[in-house]
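The values are calculated or read from the model by the stated rules, or taken from the named source; none is laboratory data. Bear in mind that the values here come from a model prediction, so they are computed numbers and not experimental data. Note that each Cβ is placed from the backbone with ideal geometry, even for glycine, and that neighbours are counted across all protein chains shown. When the accessible area is computed, the model is the full protein with side chains, heavy atoms only, and any ligands, DNA or RNA have been set aside. Shrake-Rupley method; radii C 1.70, N 1.55, O 1.52, S 1.80 Å.
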Amino acid sequence: MFEQRPLSAWRTLSLDRFLLGVPHYPEHVDESFLERDAVRIAAAGFNVVRMGEFAWNLFEPVAGRYEFALFDRAIKTFAAHGVSTIMCTPTATPPRWLTVAEPDLLRMTASGAPHRHGSRQHVDTTNPRFREHSRRITEVMAQHYRSTIGIIGWQTDNELNTSYSESFSAAALDEFQLFLIARYGTVDALNEAWGTRVWAQSYNNFSEIDLPYPHMPVAGNPSQVLDYHRFLAHATAMFQRDQVEILRRINPDWFVTHNIGAIRDLDMRGPLASDLDFVGYDIYPFLFDERLRGGHAYLPAFHLDLVRGAAGNLIVPEQQSGFGSQPGFATPVPEPGEMRRMAYSSIARGVDGLMFFRWRPAHYGAEIYWMGVLDHDDIPRRRYDEASRFAHEVGRIAPEILGTTVRIDVGIAGPDFDNEEAAKSYSLGLPTPQEAAMPLHRYCYEQGIACGFVHPEDALHRLKLFFVPHWMLWKPEWTPLLERFAEQGGTLVIGARTGAHTPDNHMIQVTPPGSLRTLCGVAVEEFGPLPAEGAPALTAIWGLSEPLASKPAESGKRQHVISLGEARIPAAFWYERLVPDDGTTVLARWDSRFLKGEAAITQRAAGRGRVIYVGSFLTPALTASLCDLLLPQAGIEPLVAGLPAGVEATLRESDDRRLLFLQNTTSERVEVEGLPAGFELIEASSVQHGRLHLDAYGCAIIKLTSCTSAN
Ligand code: GAL
């Protein structure tokens with residue numbers, strides 16, 4: 001096994017330069033374009049192209065015959081102009097001859113229909129026979145390119161699981177059973193873990209176990225569903241590991257990365273990320289409807305924080321440049337300035353390399369309306385100018401950026417694959433932990449408070465406040481980590497339901513919050529869902545649902561209200577009746593119906609810090625009131641006081657420097673005041689009188705004069 005670098009939200013990249021470039025598809029244009037492309041790509045200030053991820057049919061046009069000449073010439077042409085190549089394993093699009101010869105490699109849907117050739121990700125990555133083909137093409141390509149000048153690293157596959165992650169094939173069933181044997185050892189242990197005494201589900205041996213079909217005819221066993229998703233995530237990571245092992249063995253100087261797309265059946269704190277030098281995350285902001293889903297500025301920030309929370313600084317192997325479409329959808333068009341703004345927003349959240357998707361649009365196929373940096377007529381226009389401006393700016397200031405990580409004052413527990421999947425496997429109509437984290441994350445985003453996702457096993461001492469959003473599956477070994485955080489002065493906020501299940505997803509047999517009870521100083525004596533009136537329906541996109549909003553209750557509905565200080569706040573999703581221990585104080589009470597007067601939010605002093613338990617889910621209104629109370633006590637202030645609406649603020653820092661990033665996500669010019677003293681790196685000018693203006697979609701990076709505080 002190769003060396004793995006421990007994952008942390010503060011892991012830096014191991015690259016000595018900022019990667020700037022474009023995915024390039026030499027197979028989509030006449031070869032006469034290559035030289036001119038290389039000249040323009042270099043002139044734009046780019047230093048890298050990515051290629052090959054969908055070209056298996058060209059690398060191996062018929063079984064066992066390999067051809068690399070076109071790509072060899074492309075890599076050489078780019079290298080001659082100082083542009084390096086990230087090569088990709090092409091396993092997202094297996095060639096037709098393969099699925100004709102072996103139709104059993106196709107993914108199978110739960111209704112028994114196999115996927116078909118003609119799209120992508122149609123082959124079953126859980127299938128050991130497909131893994132053999134994946135190893136074979138990876139080995140042949142890596143051997144061919146082992147000493148090719150210009151190739152600096154590899155991307156595995158393309159957006160694993162983005163199009164589809166499940167399979168109900170015969171191979172998937174066999175592999176699921178093997179996964180369960182490895183996990184449980186004996187069928188008795190599995191029966192115990194799955195609680196198969198209920199509804200006569202017990203198994204006499206592993207070969208009796210089936211995949212969790214959606215029509216059984218009613219609900220299946222949630223433990224079986226959870227393990228199926230653990231299996232899919234494991235199989236995906238092992239599919240990738242095959243490729244990583246080969247690439248590292250053949251040339252250890254290459255870096256290996258992957259471009260995460262939809263975060264679906266991917267455990268980003270497992271080998272999927274730790275096998276890689278660093279992860280990539282593709283940014284397509286305009287896939288998210290602005291009105292319904294919280295906007296194309298906010299959601300990328302949320303996703304980037306989530307991915308960085310798992311594996312630290314990252315790259316963006318693809319960022320939307322212009323209008324985007326496939327036959328089934330069309331996105332709005334990024335306005336002039338937005339392409340550059342989106343790119344700076346990514347850097348502000350820990351990105352150390354970025355490629356604009358794609359060099360030029362295709363003239364045929366499923367993405368003819370997905371615009372590139374160039375247009376179909378090959379004429380550079382505003383997107384080329386913007387990308388080039390960005391690349392030259394970042395190329396100049398990269399030494400300041402590289403080596404810094406994103407400051408986090410407010411940490412939110414996440415991501416955690418088991419907790420997310422356990423919540424989905426028995427949802428009760430409630431938000432998943434990630435969805436439930438959104439109100440606090442969005443509050444911090446809007447206020448310019450340094451916020452991010454951090455796993456309880458990561459360096460909690462770097463935070464001032466840590467919120468655990470409803471993590472039902474609780475490992476007892478996490479409790480002392482939280483205790484230490486609070487005792488050393490941290491403000492710990494625990495959301496309802498946290499600790500209510502065992503790691504096997506059983507209900508605990510003691511009063512919740514179980515192993516967190518002493519730390520929280522509270523007992524949960526009753527709980528239940530709140531009516532749905534206050535909560536909009538949740539629809540998943542890219543594994544996440546829309547941000548949560550609370551609406552005032554309509555009169556006569558069985559709505560509950562929390563009274564916190566002067567505020568009376570409609571509660572949503574869930575109530576808990578809390579019984580505080582001696583010494584635990586009540587911060588908020590239920591103020592309606594049978595709960596009237598009962599504790600809703602409590603606080604217990606712990607060492608130099610405090611532990612807050614919230615017996616409901618955070619809504620935007622509850623978040624705002626709670627933050628008014630807790631943030632000043634925790635010593636948390638916005639990075640910029642009075643940040644104008646629509647301006648993003650984050651801080652990247654290292655031992656010797658602090659960089660304050662500001663991005664104007666609006667089409668209006670804004671003035672930002674109250675800034676700390678410093679030097680603005682993009683325009684290379686001092687910040688005068690704590691003030692600067694940002695044009696429509698304008699960006700600034702202020703290197704602070706004082707190394708100690710942004711406030
Ligand atoms: C990404 C994918 C690209 C391209 C792009 C635009 O998800 O990796 O290959 O399809 O979306 O649709």
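Things to note:
- Residue list for segment 634-667, restricted to those being assigned to a loop (DSSP other than H, G, I, E, B), in contact with a helix residue (DSSP H, G or I) (Cβ under 8 Å, 6 or more places away or on another chain) and of a type in the set (S, T, N, Q): Thr665
- Residue tally, condition more than 10 Å from the ligand (Cβ to nearest atom) and open to solvent by 10 Å² or more (accessible area, probe 1.4 Å), over segment 314-341: 10
- Lone unmet requirement of (1) open to solvent by 30 Å² or more (accessible area, probe 1.4 Å); (2) on the phi < 0 side of the Ramachandran plot; (3) touching a residue at least 60 places away in the same chain (Cβ under 8 Å) for Thr705: (3)
- Taking the criterion of being open to solvent by 10 Å² or more (accessible area, probe 1.4 Å), in contact (Cβ under 8 Å) with a residue 60 or more places away in the chain and on the phi > 0 side of the Ramachandran plot, the residues of segment 496-521 that qualify are Arg497, Asn505.
- Within segment 133-163, the set of residues being of a type outside the set (A, V, I, L, M), at pLDDT 95 or above and assigned to a loop (DSSP other than H, G, I, E, B) comprises Tyr145, Arg146, Ser147, Thr148, Gly150, Thr156, Asp157, Asn158, Glu159, Asn161, Thr162.
- Residue match in segment 263-278 (condition: in the same structural domain as Val316 (by TED's automatic domain parsing), open to solvent by less than 10 Å² (accessible area, probe 1.4 Å) and β-branched (Val, Ile, Thr)): no
- Scanning segment 43-82 for residues that are within 16 Å of the ligand (Cβ to nearest atom) and either under 24 Å from Leu354 (Cα atoms) or acidic (Asp, Glu) (or both) yields Val49, Arg50, Met51, Gly52, Glu53, Phe54, Ala55.
One line per residue, one yes/no per condition, for (1) charged (D, E, K, R); (2) within 16 Å of the ligand (Cβ to nearest atom); (3) not assigned by TED's automatic domain parsing to the domain that holds Thr491:
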position: Arg382; (1), (2), (3): yes, no, yes
position: Phe390; (1), (2), (3): no, no, yes
position: Gly395; (1), (2), (3): no, no, yes
position: Phe417; (1), (2), (3): no, no, no
position: Thr432; (1), (2), (3): no, no, no
position: Ala436; (1), (2), (3): no, no, no
position: Arg442; (1), (2), (3): yes, no, no
position: Ala450; (1), (2), (3): no, no, no
position: Lys464; (1), (2), (3): yes, no, no
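- Looking only at segment 138-166, and only at residues there that are within 16 Å of the ligand (Cβ to nearest atom) and of a type in the set (Ser, Thr, Tyr), the one that is surrounded by the most Cβ atoms within 10 Å (Cβ to Cβ): Thr156
- Of all the criteria given as (1) buried (at least 18 other Cβ atoms within 10 Å of the Cβ); (2) within 16 Å of the ligand (Cβ to nearest atom), the one not satisfied by Phe18 is (2).
- When Gly490 is tested against (1) touching a His at 6+ places or on another chain (Cβ under 7 Å); (2) open to solvent by less than 10 Å² (accessible area, probe 1.4 Å), only condition (1) is not met.
- Number of residues in segment 45-63 that are hydrophobic (A, V, I, L, M, F, W, C) and either outside the structural domain of Pro361 (by TED's automatic domain parsing) or more than 14 Å from Ser84 (Cα to Cα) (or both): the value is 7.
- Complete set of residues in segment 107-121 that are in contact with a Pro (Cβ under 8 Å, 6 or more places away or on another chain) and under 18 Å from Ala233 (Cα atoms): Arg107, Met108, Ala110
- From the options Val524, Val493, residue that is touching a residue at least 24 places away in the same chain (Cβ under 8 Å) and touching an Asp or Glu at 6+ places or on another chain (Cβ under 6 Å): Val524
- Condition check for Phe302 on (1) open to solvent by less than 10 Å² (accessible area, probe 1.4 Å); (2) within 16 Å of the ligand (Cβ to nearest atom): one failure, at (2).
- Meets criteria (of a type outside the set (A, V, I, L, M), over 21 Å from the mean Cα position of the chain (by Cα), modelled with pLDDT under 95 and not in a strand (DSSP E or B)) for Phe2: yes
- Breaking point among (1) farther than 20 Å from Leu178 by Cβ; (2) within 29 Å of the chain's Cα centre (by Cα), for Phe130: (1)
- Among residues of segment 631-660, those that are open to solvent by 60 Å² or more (accessible area, probe 1.4 Å) and within 27 Å of the chain's Cα centre (by Cα), counted: 3
- Test result for Pro285, within 15 Å of the ligand (Cβ to nearest atom), open to solvent by 10 Å² or more (accessible area, probe 1.4 Å), free of Cβ contacts under 8 Å to residues at least 60 places away in the same chain and within 21 Å of Asn161 (Cβ to Cβ): no
- Residue in segment 308-328 that is out of contact with any strand residue (DSSP E or B) (no Cβ under 9 Å at 6 or more places or on another chain) and part of a strand (DSSP E or B) present: yes
- Residues of segment 167-206 satisfying the condition of being among the hydrophobic types (A, V, I, L, M, F, W, C) and open to solvent by 60 Å² or more (accessible area, probe 1.4 Å): Ala170, Leu178, Ile181, Ala182, Val198, Trp199, Ala200
- One residue from Asp227, Asp210 being part of a helix (DSSP H, G or I) and not hydrophobic (A, V, I, L, M, F, W, C): Asp227
- Within segment 661-687, the set of residues being over 23 Å from Glu386 (Cβ atoms) and crowded, with 20+ Cβ neighbours inside 10 Å comprises Leu675, Gly678, Val687.
- Qualifying residues in segment 23-33 (those that are away from the ligand (no atom under 12 Å from the Cβ) and open to solvent by less than 10 Å² (accessible area, probe 1.4 Å)) - the one farthest from Arg382 (Cα to Cα): Pro26
- Residue in segment 97-111 that is within 16 Å of the ligand (Cβ to nearest atom), in the same structural domain as Asp275 (by TED's automatic domain parsing) and either in a loop (DSSP other than H, G, I, E, B) or polar (S, T, N, Q) (or both) present: no
- Filter result (away from the ligand (no atom under 16 Å from the Cβ) and open to solvent by 10 Å² or more (accessible area, probe 1.4 Å)) within segment 350-375: Asp375
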